[in-house]
Structure formats: C-alpha cells, structure tokens
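Reading through the structure tokens given below for one structure.
A short reminder: the numbers here are calculations on the coordinates, not readings from a lab. This one's a predicted model, so the numbers in the text were calculated from it and none came from an experiment. Neighbour counts are summed over all protein chains in view; Cβ atoms, including those assigned to glycine, are modelled from backbone coordinates with ideal geometry.
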C-alpha cells in the first residue's frame, strides 16, 4: 500500500523545540502505514518495524561563552525480518516507499543467508502497557532560552571570578514498535539537561542534572553548587594514596554502579561473563544494600516496553545484599528454563532489540537510601574524603568487579565532620563487591547524572576503606 | 544530492552567514557476529542527511536534518542561522578562521575488494570456522567473532568555494575467547581488543588478518592464563607489544595534543590537557627515540585517520608532534589555529556523521619506528628482569592526561633476556611525560603496525571516531608494574 507522503513528511519531522509542538510526535496511523507498506512487499514469516523520530539540541559553552550550538532532526525505520527461523535487521532513514521496500528485501535476503537459529521464538503477540506521560512542554527550549540559561550560569562564574564550561540540552523523541502479529507499542519522551564545570586557577567544581520535565531543573542552582566546590577546593593539598573513608556523592555512586548492571541479565549468566556467575541467591553485598529496577518511577525515563515490545516489569535485583533476580528477554528466559531449571526465569521486558549478543539488562536502577542529607553524612565523618564525581572508570577484573578510575572536579578532605580543604585527585582501584560490603550509611536517593553510566536514582553514601592507589598532579 | 548541499549553502549565506559550510553524506554500515557457534547478529544500516554550519556575528550555529528535500535543507540552513544568532548573545570572543585556500577534488579511498559485494554466507563461514577453532580448546566458555564494514560518501561545500567529494571505506574483524573458571574470567583477543583490527581498506583486510590460523593459539592462551601466576608488583622494565603501545599513544599523546582541550573547550566533559601553550617547543615529552607524527595522508598507511580533506575542507597533512623527544605541535582546527597565531590549520576537524559538528580529532597519531634494525626478540634480549605485556584489557587516564593506568590480557615475566613464564592480570601505571622519557628502545619498521581504534569518544553530544595509531614494540625502564591489583 502506498504511503501518504504528506503524513510522512509532516508527522515525524515536526519541529520539536517549540512549546506549541506537543501534539504526538509520531501518530499511530503513520507507523501503521509504514508497516502495511513493509508487509505488502514482505515475503518473510514475520516482520517487525521500529520507527524512531526525534529532535535534539545542545548548547555548549566554555571560557564563559557559547562555542558550539547544535540541533538535529531525524527519523529512522528499522525492519526485522524472520524467515524460517533466521533473522536480520536493516535500518534506514529514507522513508519513501521504494526505500522501505528495498530495506525489507535486504533484511529478508540477509536472513535467508544464515543457518536457522534454534532458540528463536515467534514474535510476541499484542501486549498491554501502563500509561506513562513523559512529554513535557517545559523541556521544549528554544535556542534563545538555552542561551538565557547559559547566561545565568556564566553570570555565577563571573561573579565568583571563575571560568564556566558546560551544556544546556533538550530533546524530544518518539518510538513506535509494531509487528506482523499485531503488537503495537508507542512511547514519547522529552528531556532537558544541564552540566556545568566551574574552574579556578587550581581547582574546579561540577554539577549535572537531567529530567524529562525541564521545570524540575535548577540551572542557576547547579552553577552555584559547581562554583562553591571550585571555591572550596582552591589550593589543594596532596594526601598519600591509601584506604580512606569516603562520602560518594550520587553522581559518583551512579558511575560506579553502572558497571554492575550489564551483568544482571540471564544471558550474561548463561555466557559465564557475569560476575554473578555462581553467586545467584547468595549474599554478595552488605545487608543495607537494596536495589531494584522500575521504569515507572516518576524520576525515571525510558519506554515501558523492551526491544521486542514486552512490558517492562519491576524487578527486585538486590535485597539485603542478596542477589534476588535477573532481567530476562523472552528467548533468554526460555533457554535458562531449559538449561538451568533450578533457576527461576521468566521474561521481564528488559530485552534489547533483536538480533543482539547481549540479551538484556535492567536500565532503570533505583538504589534505596536513608534519611540523611549529604551534609549530615559529612557531619558523621571524623576524617575522610568527599568525592564529587569520578572519571574514566574502566573494569580491571571482570569477576571481582575491580574498577579503576579518577576523582575529578571537587575532591575534599573531611575533618571533624566538615570540609577541611581541597585535595589533589586520586586514582582508585576498588572492587565493587568489597565497596558494597563496606557501606556504613546511605543518604536520600535522587535522580543522578554522570558521564560513565545511564542516569539512575541513587543515594549518596559513606563507605570505609576505599582504595586510592595513586595521586595525580592536580 | 550535491545540488541540495549547494542549496543549503546558498540559503545560509542569503540569511546572513559570514561563513558557512555544508556536509551532505550517505553512509552505509554492515556488521555481523557469531557467539558460541550461533549468529550473534546480522545487521545492515544506511543513513543520509545534511549538516549546515554557519558563522554569524562571530558565533557558530549548526543544524542537521535527514529531510533531503529543498524545504528540508532550507529549514536546516535557517535553523543553523537562528542558532548562531542565539550563540552570539553569549560570546566569549568572535570566532576567526585561519585562512585556507578553497580546494576542489574527488577522492575515493583505496578498496581492492568491496566488502558490501562479498556474500554474507562466505563471511559467516569464515567466522564459524574461527569459532570452531576457539571452542575446540577445553576451557573456552565463550567464543565471539565479528566483522564490520563502513562506507561514507560525502560532499563538502563552503561559502569560500571549497567543493569536495570523498568516499571512505573501512573494514574491521576480530575474535575473542573467554574462559571462566577458578573464580575468574580470562579473555584473549585477536588481533586486538576493541573488535580486532580496523583499517581504511576493503575486504582484503579480512584476508590479511589470518583469523583462522591464529584462533587455536589465542584460545589456548585464554585457558592457560588460569594457571599463570598473578603479575608481580614492582618497578622495573616493561616491554609492550605494538597494539598496546598504540593505545598508550592514543591516550597519553593523541588526546593531550588536541588544541581544543588545551584551550578549554572540552573542560566540562573530555577534560583539559597538561600541554598548555607555554609547553610548545619547551617540553621534553619523551626520550630522543620518541618521534610522533599526526599524519592523515595515505602515504602514512590505510589508517582510520586517513583522508584527503578534513571536515573543514583542509587537505590531509603530516605534522610533527614530538621530534626527538621534544613536544613541537598540536592537532588543530582553523579556529584554534588562528587563536594561537598559527598561519594554517593542520586539518584535524572530523565529524562522526552528517548530524554532528566537526571537532578536533586524532587522525593517525603514530610513533615512528626505530631507525636501527631491532626485532621484538632483540628488545627482550636486553632485559635482565622485566615484564612483557600484550593486548589491552583496561585503560584509564585523568582528565588532564597525566596519570594513566593500563591493564593487558597477557603478560610474560622476562628473565635474563627471555620470556620465562606467563603471568595473568598484568597492569602498569605512570605519569605521561615520565613514561615517554623512559623509552629506551623501539623496534624497526618491519615490526610497525598501523592499528585502528574504532571507538574514540569525544564531544557533547558525544561522537565516536575511528583513529589510527602506528606503533612498534617498545621498551620502557623504571615503570610501576602491577599497580591495578595493589591492596
């Protein structure tokens, strides 16, 4: 069936950065038209179509001025064809009928050239999804509005005689996933974000936040936090490497935790590449560690369905330090039941788009915390180190979850419950298993943003014996 | 296609751009993998679109769209202008471009065998043969193989009259064997980690890599690592294979010489650089044997950083970065070159795709081989006690590029000039300039390889770029070894 070119041209490419543009970015009838077109030329047993449309913009500043300022608009169609138990995926951003037909033909050709995949399941039937409203006009910032917010942050830098660098960004994206068995899933989301670094002559401070709702972001407040850290960490001293009690701010917690959750999928266990291999059901962390995955929590973002269209379920991953459950794509759950019937497995709606090697992972992490504010946590430390953020974290040892990385942009000596002064930055080599057994106190959880991991809801925490192994030159 | 690029450029100029350039590109990517005897994935993608960069009132705006229609490209040009006007409200200093003659040209990277013309069946057959070899070794618990191919066909037009058309084809392939046992996971990769070797070549690269011939040995090494001793902790002599030295160059020379980092543009994300302007031609970066170039010319080799023109239209060139140990050059854009008073850019602006702004990126940042004939065995023969390390496993460096730590997949204790026994979990750490000043030997040309790093991240929004790094095995004295496992 020919596609209505007018609908195609207007629906996904509606300018996204205007307040009046809150009509749905992707109309279901547009996705239907594309699927019908794909099916009209398909010879596959099953066909799945994923449509992603969106616009994003990012204003970047450094040296107290805007130096890069970008925007983009794009719509991509991805076809997954299944032919006699074999599958392939082909994607394009050409939406004309001939290109869609070519894309379908290429997916089918690539599928036919393979051997059958014995574990491949039929595509899922129609599913029910909870309603989530995550498209907010407050995230629709114009270039002028991004410039205003940037100006406000730079004003803080000028007042404090600091140099500011950072971003003000926003996006609007929509996704449709439909298949030839009648499954239909739609999701739309907005997002806004700031990140700011304030630099003094020998110190720096940083703050970052993101939200689907731009009204929740305090841009100038973030700049004040970063400026305060830069001011307080001026003239840093060097402490010898060693084991210290640390307060990790939420961004530091997030960037470390992010290295764990790729291992919380059933396929990672079957592949024996997970640090949880042989450790399911055991108490691996301290009793005060509770972590779950919940896409529907108001501080989270992301679609309530996975790469095949299965509804995402709430998962209790760690309870009292015990590994309670894993994420499962449909195919992984089936294989786990067959190969390890002793391990309870059922699809949880955390699968990546097929085909893929990695199966699934929980990506809406919520770590439970306590009642204390960050200031109260600091007040409870006789001598220790406050870490604002971490940088260039990499896995040194896959099974011990030994991670290395650096502190950055605000590392402080705590003495007698107060920030005493700034410190030169450390390199750490720290096992995550050990760290999560040494957590002494947890603060109030918040949605945190870092640079090494996806956003999460995590608390600040106090831990003993954090292993700093070297000190750098600044 | 080119007429749409010209239209976008004309619109930008008509609407007030002092300078504008347009990149319109068609891209194609194919990748496939196997895992434990089964297909991991088979995927093919294409993408096309246009990116318009405009300078208005000394400030930049950039807009990109995949709507390749007259209205679509006009809209992108107008949006770039509107964004530039908003940027001008918060201007630190007006952007000025170093002069560059407008050049025209058509260039196609050498590609003997078009990888998109090779049947998927034949390629999968090769990967499954490798997979069988890997899993034939007892103790291998996970075998992964893969290939990927990219082609970008791009037009670049500028308001100064540049008119360039480039087609670049790159290929990559490799495999890894994992072994889980005794409460540890060991891994060996071939010919390198990061998916193997990647170069600006066609399918001929796959034939050159001799994947199947190396599979059994690599799998056996992965399993043997379980029986090996832990790498000792000491300060002493370190010998690196060329792939690890390539990544060492990437992290501790390639990034700090980026002039945008030096000038503060990346302070919020990628970070700064210890190579402040006062250090240019006044810093002993390394020993006399350290000669490093940034070379995007094909004469240097088919690297992921080889091209005819960068994404500002500047021709590929070769710049000295470190000459006989002295730091003597940055990698630049036209704007940053002007900012530090250089007469011209050395052509290092590169964008991930049509929808991303060009940034200063590494081209091929390579250490030149030793002039005296020297083999890896001879390198080791002069070591009384030390460690040889091969194939990167972990990598980390601070945000000014001083303190680094690397882990490798495999190590050997060297005793009395010979590899004495295998060690597992080897690592080393140091301070960049101290490390390069400790280099006391590097192998000669016949042991030099131009490695491809396909996954270099930089920028906001983040962009991934392929970079090239030529390196030969080298020896370093007084290096801190085993530090990653320090307790």
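The range A:168-191 and the range A:222-248 have Cα centres lying 41 Å from one another. Find how many whole Å separate the alpha carbon centroid of the range B:51-108 from the alpha carbon centroid of the range B:203-241. So the two Cα centres are separated by 47 Å.
Look at the stretch A:87-93: the mean tally of other chain Cβ atoms within 10 Å of its residues' Cβ atoms is 6.
Given a cut-off of under 8 Å on Cα pairs at least six residues apart, what relative contact order in percent is computed for chain A? If you can, show how the numbers build up before the last one.
Working: 1250 pairs, mean separation 68.6, N = 474.
It rounds to 14 percent for chain A.
Counts of other chain beta carbons within 10 angstrom of each beta carbon in peptide B:400-412 average 4.
Rounded to the nearest 5, what is the percent of antiparallel bridges among the DSSP beta bridges in the protein assembly as shown? If I count the DSSP bridges inside the protein assembly as shown, around 90 percent turn out antiparallel.
For chain B, a Kirkwood radius taken over Cα pairs fed into Stokes-Einstein (20 °C, viscosity 1.002 mPa s) yields D = 91 µm²/s.
Strictly greater than 51 Å: what percent of every Cα pair in the protein assembly as shown meets that? That fraction is 13 percent.
Across peptide B:76-83, the average count of Cβ atoms from other chains found within 10 Å of a residue's Cβ is 4. Distance distribution note for the range B:304-355: the fraction of Cα pairs above 15 angstrom is 51%.
Cα-based radius of gyration for the range A:215-291, normalised by 2.2 N^0.38 Å, reads 1.65. Seen against the Cα atoms of chain A and their longest principal axis, helix A:330-339 is set at about 80 degrees.
Sorting the segments A:172-181, A:196-205, A:132-141 by their mean number of nearby beta carbons within 10 angstrom, highest to lowest, gives A:196-205, A:172-181, A:132-141.
Relative to the 2.2 N^0.38 Å rule of thumb, the range A:395-471 has a C-alpha radius of gyration ratio of 1.18.
Size descriptor for the range A:236-474, Kirkwood hydrodynamic radius: 18.4 Å (Cα pairs only, one decimal). Seen against the Cα atoms of chain B and their longest principal axis, helix B:211-224 is set at about 60 degrees.
Taking the empirical scaling 2.2 N^0.38 Å for compact globular proteins as reference, chain A has a Cα radius of gyration ratio of 1.06. Neighbour counts of other Cβ atoms within 10 Å put B:107, B:354 in the fewest-to-most order B:107, B:354.
Fewest neighbouring Cβ atoms within 10 Å first, the residues A:378, A:365 line up as A:378, A:365.
Plainly put, the range A:328-454 has a radius of gyration that is 1.08 times its Kirkwood radius, both from alpha-carbon atoms, as the Rg/Rh ratio. P(r) tail, the range B:1-43: Cα-Cα pairs separated by more than 14 Å, 64% of all pairs. Compute the distance from the alpha-carbon center of the range A:334-407 to that of the range B:128-185, in whole Å. After rounding, the separation between the Cα centres reads 27 Å.
Over all Cα atoms in the range B:2-227, the spread is summed up by Rg and Dmax: 23.8, 70 Å.
Restricting the calculation to Cα atoms, the range A:103-207 yields a radius of gyration followed by a Dmax of 23.6, 66 Å.
In terms of its Cα atoms, the range B:405-487 spans 49, 40, 25 Å along the principal axes, sorted from long to short. With neighbours defined as other Cβ atoms within 10 Å of a residue's Cβ, the residues A:375, B:148 order from fewest to most as A:375, B:148.
Grab the eigenvalues of the alpha-carbon gyration tensor for the range A:55-170, scale each by 5, take roots, and send me the semi-axes largest first in whole angstrom.
47, 18, 14
Its alpha carbons considered, the range B:229-485 gives a radius of gyration followed by a Dmax of 17.9, 55 Å. Once you place label points 7 Å from the Cα toward the Cβ at residue A:232 and residue B:119, how far apart are they in nm? Roughly 6.8 nm, to one decimal.
For chain A, the longest principal axis of the alpha carbon atoms and the long axis of helix A:143-159 meet at an angle near 10°. Computed over the Cα atoms of the range A:5-199, the ratio of the radius of gyration to the Kirkwood radius (Rg/Rh) comes to 1.12.
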